[in-house]
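Please read the structure below before turning to the comments.
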Amino acid sequence: MNDLLDTAEKIRSMEIRGAALIGRAAAGALKEFALSIEPLGIEEFRAEVGRAAEILLNTRPTAVSLSNAIRMVMRYGGEDLESARRSLAKNADDFVERSLLAVERIGEIGSRRVREGDTILTHCNSSVALSIIKTAFDSGKEIKVIATESRPRFQGHLTIKALDDWGIETELVVDSAVRTVINEVDQVIVGADVITASGSLVNKIGTAAIALAAHEARTSFMVAAETYKFSPETLMGELVPIEMRAAEEVYPEISDLKHVRVRNPAFDVTPHQYIDVICTEVGAIPPEMSYLVIKEMLGWEMEGRIL
């Protein structure tokens, strides 16, 4: 349990960040927990792993990669303790393998939409968006990237370091400069934290403003998203909770001010009308096909629940 609590705290504090990494970390933590506990029987095992799953679920309320990862791991079978333990561990391994293969496959699919000489704008630090960019570059296409800082956590700094390591020409801009550079951009490529049943995107704060600028400039807006980032709950009419983070991330000295508060949402919502294509590991789809991804790829039933 101590190891699982440590993973949960790393996810909560964003030491582990990025939707795909969060999902893989949660799956791995559940697996190790299930293999290490010594319950008296199958019912106690189910109760203990259920509590562990709840702890992980409560760390980042917006990240559907987390809830879908846990949902997939918790679909274990087995009538006795050891078979249930093995089934859960296999589910976790399968999820991690699926996640890694999806990043590679999305890179291949999305890179075909990148043209020679394109200037690409990206926001935050998305492994799948970067996979598309790197795959296009490795195929011999001469491209340039404009990356936002992605405040207040500055995930864009991680992005430019990766791009620099790969030898890709990159320019860093502050988030509020997007409107001034959008006419130089051939296409925007971003990742996703959640894709809803309607095809709308929940992603790093600032994404919606970029999509609006791209729409006005008639610039293509591509989302890179593994299928496990699609939200089954939104089929039921549930809204995606937007995580509000600590004021100190934005203004560390906030406690010195008596009449000021800080609003620090981690995510915003981009309407599906501003999205040209969503690149998944099963193909490049229009946002309107999100419903089918949830039903067909995630195997969601209306009464489905995680635990």
Original post:
Do we find a residue being closer than 25 Å to VAL269 by Cβ, among the aliphatic types (A, V, I, L, M), assigned to a helix (DSSP H, G or I) and in contact with a strand residue (DSSP E or B) (Cβ under 8 Å, 6 or more places away or on another chain) anywhere in the stretch 135-151?
Top reply: no
**OP:** Tell me which of these PRO286 doesn't satisfy, since it passes every other one: (1) open to solvent by 70 Å² or more (accessible area, probe 1.4 Å); (2) at pLDDT 95 or above; (3) not charged (D, E, K, R).
**Re:** (1)
Original post:
Could you count how many residues in the stretch 152-173 are in a loop (DSSP other than H, G, I, E, B), within 24 Å of GLU249 (Cα to Cα) and touching a residue at least 12 places away in the same chain (Cβ under 8 Å)?
Top reply: 2
Original post:
Taking the condition open to solvent by 20 Å² or more (accessible area, probe 1.4 Å), over 30 Å from PRO252 (Cβ atoms) and in a helix (DSSP H, G or I), does GLU79 pass?
Top reply: no
Subject >> Residues of the stretch 94-124 satisfying the condition of being polar (S, T, N, Q), farther than 19 Å from ALA214 by Cα and within 18 Å of the chain's Cα centre (by Cα) >> reply: SER99
**OP:** Would you check if there is a residue in the stretch 90-105 being in contact with a Gly (Cβ under 9 Å, 6 or more places away or on another chain), β-branched (Val, Ile, Thr) and crowded, with 20+ Cβ neighbours inside 10 Å?
**Re:** no
Subject >> Flag for ARG17 being under 26 Å from VAL282 (Cα atoms), within 16 Å of the chain's Cα centre (by Cα) and part of a helix (DSSP H, G or I) >> reply: no
Original post:
Can you find a residue in the stretch 107-126 that is over 26 Å from VAL282 (Cβ atoms), part of a helix (DSSP H, G or I) and open to solvent by 10 Å² or more (accessible area, probe 1.4 Å)?
Top reply: no
Subject >> Pair list, Cβ under 8 Å, 6 or more apart: the stretch 80-92 residue under 14 Å from SER36 (Cα atoms), other residue in a helix (DSSP H, G or I) and open to solvent by 20 Å² or more (accessible area, probe 1.4 Å) >> reply: LEU81/ILE42; ALA84/ILE42; ALA84/ARG46; ARG85/LEU35; LEU88/LYS31; ALA89/LYS31; ALA89/LEU35
**OP:** Could you tell me whether any residue of the stretch 199-213 is over 29 Å from LYS295 (Cα atoms), touching a Lys or Arg at 6+ places or on another chain (Cβ under 7 Å), in a helix (DSSP H, G or I) and touching a residue at least 24 places away in the same chain (Cβ under 8 Å)?
**Re:** yes
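Residues are listed down the side, and each one gets a yes or a no for (1) at pLDDT 95 or above; (2) under 22 Å from ALA224 (Cβ atoms):
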| position | (1), (2) |
| --- | --- |
| ARG75 | no, no |
| ARG86 | yes, no |
| ARG113 | yes, yes |
| CYS124 | yes, yes |
| ILE132 | yes, yes |
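Test THR135 against the stated conditions and say whether it is touching a residue at least 24 places away in the same chain (Cβ under 8 Å), open to solvent by 20 Å² or more (accessible area, probe 1.4 Å) and more than 29 Å from LEU239 (Cβ to Cβ).
Here the answer is yes, as THR135 does meet what is asked.
In the set VAL49, VAL103, which member is closer than 18 Å to ASP193 by Cβ and assigned to a helix (DSSP H, G or I)?
VAL103
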Original post:
Only one of these conditions is not met by ALA247: (1) modelled with pLDDT of 95 or more; (2) open to solvent by 30 Å² or more (accessible area, probe 1.4 Å); (3) of a type outside the set (Lys, Arg). Which number is it?
Top reply: (2)
Subject >> Residue satisfying all of: in the stretch 260-283; assigned to a loop (DSSP other than H, G, I, E, B) and either among the acidic types (Asp, Glu) or free of Cβ contacts under 8 Å to residues at least 12 places away in the same chain (or both); least open to solvent (accessible area, probe 1.4 Å) among these >> reply: GLU281
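Name the residue, out of LEU56, LEU35, LEU66, that is surrounded by fewer than 21 Cβ atoms within 10 Å (Cβ to Cβ) and either touching a residue at least 40 places away in the same chain (Cβ under 8 Å) or of a type in the set (Gly, Ala, Ser) (or both).
LEU35
The values are calculated or read from the model by the stated rules, or taken from the named source; none is laboratory data. Note that the coordinates shown come from a computational prediction; the quantities given were computed from them, not determined experimentally. Glycine gets a Cβ as well: all are built from the backbone with ideal geometry, and neighbour counts include every protein chain shown. With ligands, DNA and RNA removed, areas are computed over all heavy atoms of the protein, side chains included. Shrake-Rupley method; radii C 1.70, N 1.55, O 1.52, S 1.80 Å.
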